[in-house]
1. Residue by residue through the stretch A:162-200, note down the ones that are without any contact (Cβ under 8 Å) to a residue 12 or more places away in the chain, crowded, with 19+ Cβ neighbours inside 10 Å and not in a loop (DSSP other than H, G, I, E, B).
2. Residues of the stretch A:136-161 being outside any loop (DSSP other than H, G, I, E, B) and out of contact with any helix residue (DSSP H, G or I) (no Cβ under 8 Å at 6 or more places or on another chain), which ones?
3. Please enumerate the residues belonging to the stretch B:61-80 that are in contact (Cβ under 8 Å) with a residue 60 or more places away in the chain and farther than 23 Å from residue B:101 by Cα.
4. Of the conditions (1) surrounded by fewer than 17 Cβ atoms within 10 Å (Cβ to Cβ); (2) farther than 28 Å from residue A:257 by Cα, residue A:63 fails just one. Which one is it?
5. Out of the strands (runs of 3 or more DSSP E) lying entirely within the stretch B:144-210, which hold 3 or more residues that are out of contact with any strand residue (DSSP E or B) (no Cβ under 7 Å at 6 or more places or on another chain)?
6. Specify which of the listed residues (A:212, A:231) is modelled with pLDDT of 90 or more, closer than 26 Å to residue A:151 by Cβ and either crowded, with 18+ Cβ neighbours inside 10 Å or within 21 Å of the chain's Cα centre (by Cα) (or both).
7. State yes or no: is residue B:36 surrounded by fewer than 20 Cβ atoms within 10 Å (Cβ to Cβ), away from every other protein chain (no Cβ under 14 Å) and at positive phi?
8. Looking for something within 14 Å of chain B (Cβ to nearest Cβ) and closer than 30 Å to residue B:44 by Cα - is there at least one such residue anywhere in the stretch A:156-170?
């Protein structure tokens, strides 16, 4: 490990130690007994899980298509023999790839503002209203739409987390040899069967990694939630906004204690992922 | 009868053009040629894994040139066997029948029959990881034969095997081709292997079928 690597590792450890030394158990217990914080913990756990599941739902097929569209065998199968057709094909593929990476590189606040602006358009307002009606018909009259409500928290988390999950799944499928899928086609399988019966079972470690990454990313999401969902206590407050609100009101100990809950959750998730994917290799294993 | 007429396949700067040949029913055809001559390209085109730019491919009178791989009824054994890493050997062999809607009883009977013929009964509940090269190729062969294909395409199936295993599998291939009554198109670099197995011989050179030698009649044609 390089000297800089050691320095970086020391920095991470120092940050964690400083946080734990700054906060004390009485701060932590008083924070945990606060119903508003309990609400934010539950909302964080639930919204992150829903956002991660939605991210996987999008990432698995999208990652597979992006990986296979980039493979040589796909170009052969589609008959893209001329340099011109291959250039056009690659141009379209790179454009889609770049678009899907935009939420990763955009400043988080911009994602939030963009979501807010989107839901000010006629289509966005219509969706907002229909969502409110849907929740009302389901008996959740408290949720009046998307913007500044719990669905906004999930949508803000999903918008960024899905991009990371897609990248993870694309890398996973790129490392899985596509020849068995091609053999499956000759055996009578449809493209969907080749995907679901041959490729997907090989990608399980990548799926776990994508889920974890999406979940952890959602847990740490702040900017888009602040703008698009607000920081209403007992309504749209998640752990990251609890840190912000405590800091905003001058309660640094409360902010650090809430941060430690975030750190603990992140460490637990990372350890669980490592345990679940233990024994993996680079061919079928966890990417990123 | 397998008939390839004026087949044209382009891949970047490489081109297979005016490929024409015929394989009689139940014949064991050997396709030889130098490395990079386009043998695998031709085989994959016949299997439907590579798009063709022109010409026709017929099997038993059916034009399959544009048919998807699943509808061609062609069994394919690639050079590296390409077994499904997450499936046990039994499931590998029954896979083709499963996706084609064979009943459980039919699948079970056929797997047992092929496992017995290819001497892989002992490894039916094992995963591909850990199988020897010879075992892997026998599993791939059973998998390709499971749904009773009209043509069996073998892409250098014995090239990565040691001499003893190669010799045993050569005999097994001959036996299984006769017992299954299947037409075979087999790519190889090995002249001895080709002579032992082939009843029809082709040679692919510079993107064209240069010579066709029929063992039965001794005819020699240049396409």
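The values are calculated or read from the model by the stated rules, or taken from the named source; none is laboratory data. What you are looking at is a predicted structure, and each value in this text was computed from that prediction instead of being measured. As a convention, Cβ positions derive from the backbone with ideal geometry for all residues, glycine included, and neighbour counts pool all protein chains shown.
1. Matches in the stretch A:162-200: A:183, A:185, A:186.
2. If the condition is that a residue be outside any loop (DSSP other than H, G, I, E, B) and out of contact with any helix residue (DSSP H, G or I) (no Cβ under 8 Å at 6 or more places or on another chain), then A:136, A:137 are the ones that fit.
3. Answer for the stretch B:61-80, where residues must be in contact (Cβ under 8 Å) with a residue 60 or more places away in the chain and farther than 23 Å from residue B:101 by Cα: B:61, B:78, B:79, B:80.
4. (1)
5. So the answer is none; nothing clears 3.
6. Of the residues listed, the single one that is modelled with pLDDT of 90 or more, closer than 26 Å to residue A:151 by Cβ and either crowded, with 18+ Cβ neighbours inside 10 Å or within 21 Å of the chain's Cα centre (by Cα) (or both) is A:212.
7. It is true that residue B:36 is surrounded by fewer than 20 Cβ atoms within 10 Å (Cβ to Cβ), away from every other protein chain (no Cβ under 14 Å) and at positive phi.
8. no
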